[in-house]
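This report refers to the structure that appears directly beneath it.
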Amino acid sequence: MKEILNKYLPERAVEPAFELIAENGIYLKIVNERKTRHGDYRKQNGIAQITVNANLNPYRFLITLVHEIAHAVAFEKYGRFIKPHGKEWKYTFQQLMLPFINPSIFPQHILPLLANHFRNPKASSDTDARLSVALKQFDPQNSKNYIFEIPYGSIFRIDNGRVFKKGKKRIKRYECQEVSSGSVYIFQPNVEVELVKVV
């Protein structure tokens with residue numbers, strides 16, 4: 001297992017992550033990319049099973065792995081009826097992540113963003129735009145843009161092929177109109193899109 005974790009995690013995170021997996025009886029499966037999620041947790045036949053996407057950079061992989069282990073630990077400690085991303089899970093995630101938030105594992109400039117994120121962790125680190133953008137620099141290069149980077153009125157395409165026109169900013173998110181239906185949708189600023197046309 002350690003040899004496998006070596007391929008996916010920052011070097012100094014391998015040993016503590018391995019211990020976390022072992023002491024909580026986690027069955028870890030690394031899977032092909034899923035567009036809708038980085039990882040998931042379920043209990044099957046009494047065994048805590050976690051999947052994590054193989055395409056994640058080492059830092060995002062680590063955050064996702066600990067996120068999913070936190071589900072297993074929180075459900076074990078507080079019972080099956082807690083909210084999946086409720087206060088028990090948040091507290092558990094914070095406690096499990098704390099040993100990893102140090103400069104021997106994460107780059108120095110990421111640490112303040114992590115500290116801020118883990119004051120009140122969200123269901124997905126992707127909803128924290130600043131952390132998400134900072135972590136993206138460790139991904140392989142691609143030709144996509146973030147919504148916040150493209151000009152107002154630009155036409156863009158998302159992964160499923162639907163085409164939208166970028167609208168005004170609403171506090172933190174953007175109102176975008178689907179070109180084919182005219183329906184308005186709200187997008188996080190850090191959603192990656194393919195720029196089709198600058199208007």
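The values are calculated or read from the model by the stated rules, or taken from the named source; none is laboratory data. If you're wondering where the values come from, they're calculated on a predicted model, not measured in any experiment. Backbone-built Cβ (ideal geometry, glycine too); neighbour counts: all protein chains shown.
Scan the range 180-195 residue by residue and report those that are surrounded by 15 or more Cβ atoms within 10 Å (Cβ to Cβ) and either of a type in the set (Val, Ile, Thr) or assigned to a loop (DSSP other than H, G, I, E, B) (or both).
188, 189, 190, 191, 193
Inside the range 41-52, can you point out the residues that are farther than 14 Å from residue 75 by Cα and either modelled with pLDDT of 95 or more or aromatic (Phe, Trp, Tyr) (or both)?
Here is the first cut: in the range 41-52, the ones farther than 14 Å from residue 75 by Cα are 45, 51-52.
The answer is 51, 52.
Can you find a residue in the range 35-48 that is β-branched (Val, Ile, Thr) and closer than 21 Å to residue 137 by Cα? Spell out the reasoning first.
Within the range 35-48, the first condition is being β-branched (Val, Ile, Thr), and the residues that meet it are 36, 47.
Then drop every residue that is not closer than 21 Å to residue 137 by Cα, which leaves 36.
Scanning the range 35-48, I find at least one residue that is β-branched (Val, Ile, Thr) and closer than 21 Å to residue 137 by Cα, so the answer is yes.
Within the bounds of the range 78-95, is there any residue that is in the same structural domain as residue 115 (by TED's automatic domain parsing), of a type in the set (Val, Ile, Thr), touching a helix residue (DSSP H, G or I) at 6+ places or on another chain (Cβ under 8 Å) and in contact (Cβ under 8 Å) with a residue 24 or more places away in the chain? Even if it seems obvious, please write down each step before you answer.
Keep residues of the range 78-95 that are in the same structural domain as residue 115 (by TED's automatic domain parsing), which gives 78-95.
Add one more test, that the residue is of a type in the set (Val, Ile, Thr), and what stays is 82, 92.
Narrowing further to those that are touching a helix residue (DSSP H, G or I) at 6+ places or on another chain (Cβ under 8 Å): 82, 92.
Now narrow it down to the ones that are in contact (Cβ under 8 Å) with a residue 24 or more places away in the chain: none.
No; the residues of the range 78-95 include none that is in the same structural domain as residue 115 (by TED's automatic domain parsing), of a type in the set (Val, Ile, Thr), touching a helix residue (DSSP H, G or I) at 6+ places or on another chain (Cβ under 8 Å) and in contact (Cβ under 8 Å) with a residue 24 or more places away in the chain.
Within the range 122-153, work out how many residues are among the aliphatic types (A, V, I, L, M) and in a loop (DSSP other than H, G, I, E, B).
Of all residues in the range 122-153, those among the aliphatic types (A, V, I, L, M) come to 123, 129, 131, 133-135, 147, 150.
So of that shortlist, the ones also in a loop (DSSP other than H, G, I, E, B) come out as 123, 150.
Qualifying residue count for the region: 2.
Please verify whether the range 95-110 includes one or more residues that are among the hydroxyl-bearing types (Ser, Thr, Tyr) and surrounded by fewer than 12 Cβ atoms within 10 Å (Cβ to Cβ).
Yes.
Residues to consider are 154, 143; find the one that is out of contact with any Pro (no Cβ under 6 Å at 6 or more places or on another chain) and either at pLDDT 90 or above or aromatic (Phe, Trp, Tyr) (or both). Steps first, answer last, please.
Values: 143 fails: either at pLDDT 90 or above or aromatic (Phe, Trp, Tyr) (or both).
Being out of contact with any Pro (no Cβ under 6 Å at 6 or more places or on another chain) and either at pLDDT 90 or above or aromatic (Phe, Trp, Tyr) (or both) holds for just one of 154, 143, which is 154.
Checking the condition crowded, with 16+ Cβ neighbours inside 10 Å, of a type outside the set (A, V, I, L, M) and under 20 Å from the mean Cα position of the chain (by Cα), which residue from 37, 60 passes? First the steps, then the outcome.
Numbers: 37 fails: crowded, with 16+ Cβ neighbours inside 10 Å.
Answer to the check: 60.
Can you name the strands (runs of 3 or more DSSP E) wholly within the range 3-121 that have at least 2 residues being in contact with a Leu (Cβ under 7 Å, 6 or more places away or on another chain)?
Numbers: elements: 26-31, 39-44, 47-53.
Hits in the range 3-121: 47-53.
Here are some residues: 130, 170, 119. Which one is assigned by TED's automatic domain parsing to the domain that holds residue 39, of a type in the set (Lys, Arg) and exposed (fewer than 11 other Cβ atoms within 10 Å of the Cβ)?
On the way: 130 fails: exposed (fewer than 11 other Cβ atoms within 10 Å of the Cβ); 170 fails: assigned by TED's automatic domain parsing to the domain that holds residue 39.
Unique residue meeting the criteria: 119.
Restricting attention to the range 41-57, and to residues there that are hydrophobic (A, V, I, L, M, F, W, C) and under 11 Å from the mean Cα position of the chain (by Cα), which single residue is nearest to residue 89 (Cα to Cα)?
So in the range 41-57, the residues hydrophobic (A, V, I, L, M, F, W, C) come out as 47-48, 50, 52, 54, 56.
Checking the rest, the ones that are also under 11 Å from the mean Cα position of the chain (by Cα) come to 52, 56.
On the way: 52: 18, 56: 22 Å.
Ranking the qualifying residues of the range 41-57, first place goes to 52.
Need pairs with beta-carbon distance below 9 Å; first residue touching a residue at least 24 places away in the same chain (Cβ under 8 Å) and within the range 1-25, second of a type in the set (Gly, Ala, Ser) and part of a helix (DSSP H, G or I); sequence gap 6+ or separate chains.
Short answer, once both residue conditions are applied: 1/22; 9/17; 24/72.
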